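Structure first, commentary second.
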Amino acid sequence: MKLTFLGTGTSTGVPTLGCHCKVCTSSDPRDKRLRPSVGLEYDGRFVVIDTSPDFREQAMRERIERLDAVVFTHDHVDHVFGLDDVRVFYFRQKVPIPIYADRRTMQSIRRIYQHIFDQTYPYGGIAKLDPHVIEGPFEVWGMTMTPLPVWHGNLPVLGFRFGRAAYVTDFSTIPDSTLALLEGLDVLILDALRHQPHPSHSTLEQSLALVEKLKPRRAFFTHIAHELGHAETNALLPPHVRLAYDGLKLDLKEEGAPSPPSPAAG
Ligand SMILES: [Zn+2]
Ligand SMILES: [Zn+2]
């Protein structure tokens, strides 16, 4: 399985509109961050976790030519508002696109995209979606995904474990019952917004402490704000922990092989 970071930025994206800080004006392409999402490619399928408002741009950049499912972490705008753009894949593939979300998130998606679910939009050109409410581990085209309940401030949201990798964006605390599901990982992807504490996001230091506790082979941080420059932040981190960047790809098949992790992500 190949995992692609479609976007690694916080909700505003980086650069932040109108901001002239060092990171927002950086010429390092790894400091340009679209809104957070990852793509998973396996068995000829392409599945995304969240459809960010930048989904269309991400799909163009990565030359995504099909979409087989969308799995949602939660209903915040930066994770949902690209869903309309999946319609071109429905037109081409001619089968409703499965979407997976917890009950509360699915209710929000049905409200936001009421015209899609009602199928009464008189102007045509809309997707058909096939909604599935997540109530426990589920299969997406033969891959088992285990939901990882975490707290995003006072909002219960989901991360996901698939094989020996896990993606946990948008959290501030992880309950013990979920920490138990994050053991024995090859790749752990965590929210790491900035250095300063935030009520609904993990900081670089908090996520690093989690990595030290959970001991994955490698860890990548995402949902990154403009306070963290790519190169200077990576210099603070141990070699098996890196900031992710847009377009970074991980070959999850190689995980578990005895060879040392590649330093390429630096
Ligand atoms: Zn977010
Ligand atoms: Zn959020």
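The values are calculated or read from the model by the stated rules, or taken from the named source; none is laboratory data. Predicted, not measured: the structure shown is a model, and the values here were computed from it. With ideal geometry, Cβ positions are generated from the backbone for all residues, glycine too; neighbour counts draw on all protein chains shown. What goes into the accessible areas is simple: the full protein's heavy atoms, side chains included, and nothing from ligands, DNA or RNA. Shrake-Rupley method; radii C 1.70, N 1.55, O 1.52, S 1.80 Å.
Which residues, taken from the stretch 206-229, are over 15 Å from THR169 (Cα atoms) and either more than 16 Å from ligand 1 (Cβ to nearest atom) or of a type in the set (Phe, Trp, Tyr) (or both)?
Quick first cut of the stretch 206-229, residues over 15 Å from THR169 (Cα atoms) only: 209, 212-218, 226-229.
Within the stretch 206-229, ALA209, GLU212, LYS213, LEU214, LYS215, PRO216, ARG217, ARG218, GLY229 qualify.
Residues in the stretch 1-26 that are within 19 Å of the chain's Cα centre (by Cα) and small (Gly, Ala, Ser): how many?
Count: 4.
For THR233, state whether it is free of Cβ contacts under 8 Å to residues at least 12 places away in the same chain and open to solvent by less than 60 Å² (accessible area, probe 1.4 Å). Even if it seems obvious, please write down each step before you answer.
On the way: free of Cβ contacts under 8 Å to residues at least 12 places away in the same chain: no; open to solvent by less than 60 Å² (accessible area, probe 1.4 Å): yes.
So THR233 fails the test.
Anything in the stretch 124-170 that is among the acidic types (Asp, Glu) and farther than 15 Å from HIS201 by Cβ? List them, or say none. Outline the logic, then answer.
Within the stretch 124-170, the subset among the acidic types (Asp, Glu) is 130, 135, 139, 170.
Across the stretch 124-170, the qualifying residues are ASP130, GLU135, GLU139.
Can we say ALA166 is in contact with a Gly (Cβ under 8 Å, 6 or more places away or on another chain), among the aliphatic types (A, V, I, L, M), closer than 25 Å to VAL14 by Cα and surrounded by 15 or more Cβ atoms within 10 Å (Cβ to Cβ)? Write out each step before concluding.
On the way: in contact with a Gly (Cβ under 8 Å, 6 or more places away or on another chain): yes; among the aliphatic types (A, V, I, L, M): yes; closer than 25 Å to VAL14 by Cα: yes; surrounded by 15 or more Cβ atoms within 10 Å (Cβ to Cβ): yes.
Yes, satisfied.
Please work out which residue is nearest to ligand 2 (Cβ to nearest atom), limiting yourself to the stretch 22-46 and to residues that are open to solvent by less than 40 Å² (accessible area, probe 1.4 Å) and over 30 Å from GLY142 (Cα atoms).
From the stretch 22-46, those open to solvent by less than 40 Å² (accessible area, probe 1.4 Å) are 23-24, 26, 28, 31, 33-34, 36-40, 42, 46; that's our starting set.
From what's left, over 30 Å from GLY142 (Cα atoms): 23-24, 26, 28, 31, 33.
Numbers: VAL23: 21, CYS24: 21, SER26: 24, ASP28: 26, ASP31: 21, ARG33: 15 Å.
Out of the qualifying residues, it is ARG33.
With respect to the numbered conditions (1) among the charged types (D, E, K, R); (2) outside any strand (DSSP E or B); (3) touching a strand residue (DSSP E or B) at 6+ places or on another chain (Cβ under 7 Å), which one is the sole condition not fulfilled by ARG87?
So the condition that ARG87 fails would be (3).
In the stretch 126-165, which strands (runs of 3 or more DSSP E) lie fully inside it and hold 2 or more residues that are under 23 Å from PHE221 (Cα atoms)? Walk me through it before giving the result.
Details: elements: 129-133, 138-140, 143-152, 155-162.
Here the list reads 143-152, 155-162.
List the number of the failed condition for ASP85; all other conditions in (1) away from ligand 1 (no atom under 16 Å from the Cβ); (2) touching a Gly at 6+ places or on another chain (Cβ under 7 Å) hold.
The one condition ASP85 does not meet is (2).
Kindly establish whether ASP75 is of a type in the set (D, E, K, R), within 16 Å of ligand 1 (Cβ to nearest atom), closer than 21 Å to ILE109 by Cα and crowded, with 23+ Cβ neighbours inside 10 Å. Quick ask: steps written out before the conclusion?
Details: of a type in the set (D, E, K, R): yes; within 16 Å of ligand 1 (Cβ to nearest atom): yes; closer than 21 Å to ILE109 by Cα: yes; crowded, with 23+ Cβ neighbours inside 10 Å: no.
Against the criterion (of a type in the set (D, E, K, R), within 16 Å of ligand 1 (Cβ to nearest atom), closer than 21 Å to ILE109 by Cα and crowded, with 23+ Cβ neighbours inside 10 Å), ASP75 does not qualify.
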